[in-house]
Structures are given as structure tokens and as C-alpha cells.
Amino acid sequence: MRVLRALTVAAAACVAVGLSTPFAGANPSDPLGGSPAGGNGSNTGNGPSNVTVNPYNVHQGSTMQVSAAGCRHGGTVWSAGNFPQTNLSAGSIGFATVRIFNHASPGNHTLSVKCNDNSLVATHRFAILAGNGAHGGIGGSFGPSTAETAIGAGLVGVAALGAGVHVMRRRRPLRGRA
């Protein structure tokens, strides 16, 4: 049993290393931790690159994930009139979650990414769809109606009454038993 568990862990580690190899080859970096080829020598890289958005088509009022490589010390993401300026996390790949304004105009738009340690700006396109997205996580409603509240209160009352009757019957001794 222990051998099987050890083999499973070893296989999972090999798969993880094997799957990460293409990503490591796609983003070669210099030994000093900078971005690929280039840069002016005074900062850690040559600015933001490989900017991606998820989803590409986003509804008004919904959120969108933005990621960019090359901003090891963080940065900012913005799109005038579509969402507020948002901080990009630090690291080899920075991430930000932006919320599209409810009043943003539908259509194709461009967002900009700037690293904190570099003056270069990268852009990426995205599309805003008309209409608000679904209110996820709250069941599509904002609260129970009056009828639902009354039914729930009635069920709680009946359950309490039934529990009280049950307890009282168990406490009363039966005739003939002492």
C-alpha cells in the first residue's frame, strides 16, 4: 500500500514538471531575473508583455481577469470609461481583477498595462457586451418574499411544537411502571 502511494506521488510530480516545461520555455529570462532580450539596463525588464484577458467578451457590470508578464514589481491596468485603474500584482506574471462599469458602452475596447518599474505601456483589446450578467451566488433573487417568510416561520413553529410534544411524552412515566 505504501509503495502504491509513493508511486502515485512520484507520477504526479513527474506530470507537474512535464506540464510546466512548455511554459518555462515560452518565457525565457536572463540569469538576473529580467525579461527576455532587451531593456535599458536600469530596470528589471522591457515592460509588460503577453497581456491576456479572461473572458474576452464581458458583460457590463461583470468582472474580467487581466494578466501580464514582465511586471515583477507590479503595475496598473486601466481602460478609460470602462473600469477604474486597478493594481496589477507583482511577480513573473501579474494578475488583476477588474469590474466593468454598468454604464460602459458596448463594443470593442482597449485596456492598457504599465509596470511600476518601467514607462512602457502594453495594450490589449476586449469586448463589452450589452446587458448585465447574471447575479451569481445569490440564487437569482435578493431575498425571500413575504409568502416565503410566512411559510418558513410556520414550518419552524410546527417543528418546535412537535419537539416540545416529543420531550413532554418522554418525561411522563407510563402507568404501571415506576
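The values are calculated or read from the model by the stated rules, or taken from the named source; none is laboratory data. All figures in this text were calculated on a predicted structure; none of them were measured in a lab. Because the Cβ atoms are built from the backbone with ideal geometry, glycine has one as well, and the counts that use them run over all protein chains shown.
Note on the stretch 113-127: residues that are over 12 Å from Gly47 (Cα atoms) and surrounded by 12 or more Cβ atoms within 10 Å (Cβ to Cβ) amount to 3.
Taking every residue in the stretch 118-139 that is at pLDDT below 90 and part of a loop (DSSP other than H, G, I, E, B) and pairing it with any residue that is surrounded by 13 or more Cβ atoms within 10 Å (Cβ to Cβ) and of a type in the set (A, V, I, L, M), at least 6 positions away or on another chain, yields no pair with a Cβ-Cβ distance below 7 Å. Checking each residue in the stretch 79-105 for being under 16 Å from Gly47 (Cβ atoms) and either surrounded by fewer than 18 Cβ atoms within 10 Å (Cβ to Cβ) or of a type in the set (Ser, Thr, Tyr) (or both) picks out Ala90, Gly91, Ser92, Ile93. Screening the stretch 84-127 for residues that are β-branched (Val, Ile, Thr) and touching a Gly at 6+ places or on another chain (Cβ under 9 Å) and picking the one that is farthest from Met64 (Cα to Cα) gives Val121.
Screening Cys71 on (1) modelled with pLDDT under 90; (2) crowded, with 16+ Cβ neighbours inside 10 Å; (3) part of a strand (DSSP E or B) shows it passes everything except condition (3).
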